[in-house]
Amino acid sequence: MGVAATPHPAKRSLEIRGVLRDTTRLYRTLFVRSFLTGFVVFAVLGLLDLILPLTHSETVAAVVGLLSTAAAFVGTTLVQGALVEAVDGEHRGVPVEGVADLYRRSWSRLRPLVAVSILTGIGVGFGVLLFVVPGIMLAIRWALVAPIVMLEGQGARAAMRRSRELVRGHRWAVFRVLLNVWGRVGVAWFVLSLLIGGLEAGTSHPELTFWLGGALASALVTPYAAHAMSVVYYRFTDPEQPVLPEQDRRWESIWHEYEPHGDSTTP
């Protein structure tokens, strides 16, 4: 697995430019793998939205809508776990795993991932209702739960406690990271929504355009936010090592594990 948990990690300060720079480097380096990891899942999830308008019964429509919402939640959680594993491989400099392997690793931790997503979602949502600020504070406190669940093998509640410990003393810095990431993701979503809307208006199959456009937009935007939280996690738990080592690696396929051929040496 990834970085082992340490009771009192030697944290280093979160310099916002450094975090965003590392996030951008990860996004570019892992772009193909990250994009496909998200696109496959989001495209499948979008099929339920295509089915919904075809239902003629209110009961069936309600069931399909409920299934679509639940599947979207679980599917997004699965993607987030897979993206954490993708970054971890780059950080540790191990042979690159394929998309299918990333899915398998995330699936093996899906139960605690879903549990922690539900708990933190309820907590943050309730906090937002209490004049917004409590919700923001809880979002900061639990910002690192996904990497902790995937890399440290923690359960939901333990991951929430661990995340609180890691961000303690750095809440303002983490808030600045979240604010920048949310802002960039929001702008990206706005631009992509305008593009998708324009394409829908100019096609005879708007439903298909919306499905494909939604899957593409989600696959483009989701990795950036996930990578940013991985960067913050490594800054706290492995401060002596760069998040993305400076080295070149070759990989044969995004769907299969790396296998060297012939007399070539592993970089």
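The values are calculated or read from the model by the stated rules, or taken from the named source; none is laboratory data. Owing to the predicted nature of the structure, the values given are computational and were not obtained by experimental measurement. With ideal geometry, Cβ positions are generated from the backbone for all residues, glycine too; neighbour counts draw on all protein chains shown. Note: accessible area is taken over every heavy atom of the protein model, side chains too, but ligands, DNA and RNA are not part of it. Shrake-Rupley method; radii C 1.70, N 1.55, O 1.52, S 1.80 Å.
Overview of results
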quantity: Spin-label model distance (nm) - residue 55 vs residue 94, 7 Å beyond Cα toward Cβ; calculated: 4.1
quantity: Heavy-atom accessible surface of the chain: percent carbon and sulfur, 1.4 Å; calculated: 64
quantity: Spin-label model distance (nm) - residue 205 vs residue 62, 7 Å beyond Cα toward Cβ; calculated: 3.3
quantity: Structure-based [θ]222 nm, the chain - -39500 (n - 2.57) summed over DSSP H runs of at least 4, per residue, nearest 500; calculated: -24500 deg cm²/dmol
quantity: Accessible area expressed per residue, the chain, with surrounding protein chains retained (probe 1.4 Å, Å²); calculated: 53
